[in-house]
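Read through the structure below, which is laid out as structure tokens, and then see the notes.
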Amino acid sequence: MSNQDEHELEKCCGILEGYIIGLIIQLEQLGIFVRPWTSVQKTENTGRLVLGLHLNADCTSDTVEQLAKDFLSHCACQKSVVSCQLVKGSGLI
């Protein structure tokens, strides 16, 4: 997420941190192994929350992306840009 107002960004990051457990539970109910990073990572006027995921054979990245977008649509903050980005890697560390 991004916001030019540092106070508003801080508030939105707090909201995201507070509600991310709901998305994690939804993903785990689909049999996805979830490993969240410890906190929101902030740089300048942006904040991001990273989840490491291991998908089972029955789940596609499209399903995960839709769940994440639905989740983020409920976490929208005033004057903040919120987006979802999936990055495919070779596995969890």
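As an exercise, use a Förster radius of 30 Å and the Cβ-Cβ distance of Gln29 and Ser2 to find the FRET efficiency, rounded to the nearest 0.05.
Working from the Cβ atoms, E equals 0.50.
Quick check on the exposure proxy: order Phe71, Phe33 from fewest to most C-beta atoms within 10 angstrom.
Least to most surrounded, the residues fall as Phe33, Phe71.
Kindly provide the pair-distance distribution of region 1-62 built from C-alpha pairs, with 10 Å bins from 0 and whole-percent values in order of increasing distance.
Result, from short to long distances: 21, 43, 26, 9, 0 percent.
Within 10 Å of each residue's Cβ, count the other Cβ atoms and sort Asp58, Asp70 from fewest upward.
By the 10 Å Cβ count, ascending, the order reads Asp58, Asp70.
Divide by every residue of the chain the summed helix terms, -39500 (n - 2.57) for each DSSP H run of at least 4, and state the resulting mean residue ellipticity at 222 nm, rounded to the nearest 500 deg cm²/dmol.
About -14000 deg cm²/dmol.
In the chain, what is the count of Lys pairs whose alpha carbons are under 20 Å apart, counting only pairs at least 8 residues apart or on separate chains?
Lysine pairs, 8 or more places apart or on different chains, close enough: 6.
We did not get these values from a lab; they are worked out from the coordinates using the rules stated. Please read all numbers here as calculations on a predicted model, not as lab measurements. Cβ atoms come from the backbone with ideal geometry, glycine included; neighbour counts cover every protein chain shown.
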